[in-house]
Amino acid sequence: MLNEHEIQSAIMVAVSKHQCTIFRSNVGKVKTADGRWFDTGLPKGHPDLYGFKWFNGKVFYLEIKNAKGKPRPDQIRFHEMLTKHGIIHGIARSVDDALKIIDEELVGYGFKDYGDK
């Protein structure tokens, strides 16, 4: 079974060859040399990858999970916000999932069992 980092890397390569621009969300906190904490500034639950389609400019977000991975509560809240606004997004466990979400412009793919309860 591939880990999430391996899945994410494969998705980034495939999507960038699919007439899309894709970015990795660098999230987290780091301690600076003078002892202060630096936060990347993205909201909690922000998906791992995001980008846009060249031909229509539509934005998409991809949360990357391995075969057994489940979204955290903050990721579910982000999904609910994206769903409310009709934004293309979903959980991608493979390159095929990622391309399906993007090509079919799916909203909330893979979140069915986790949110909107």
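Just so it is clear, none of the values below were taken in a lab; they were calculated from the coordinates. Quick caveat, the model's predicted, so the values are computed rather than measured. Note that we place each Cβ from the backbone using ideal geometry, even for glycine, and neighbour counts take in every protein chain shown.
Worth a mention:
- Rounded to 5, percent antiparallel among DSSP beta bridges of the chain: 65
- Its residues counted as N, the chain yields a C-alpha radius of gyration over 2.2 N^0.38 Å of 1.09.
- Counting neighbouring beta carbons within 10 Å and listing from fewest to most, the residues 63, 104, 4 come out as 104, 4, 63.
- Simple spin-label estimate for residue 70 and residue 9 in nanometres, 7 Å along Cα-Cβ: 2.9
- Annotation for region 33-79: trypsin sites (Lys or Arg not before Pro) lying in DSSP loop with at most 14 further Cβ atoms inside 10 Å of their Cβ are 36, 44, 58, 68.
- Both the radius of gyration and Dmax for region 26-84 are 14.6, 46 Å, in that order, over alpha-carbon atoms.
- Cβ-derived FRET efficiency at R0 30 Å, residue 81 paired with residue 31, nearest 0.05: 0.50
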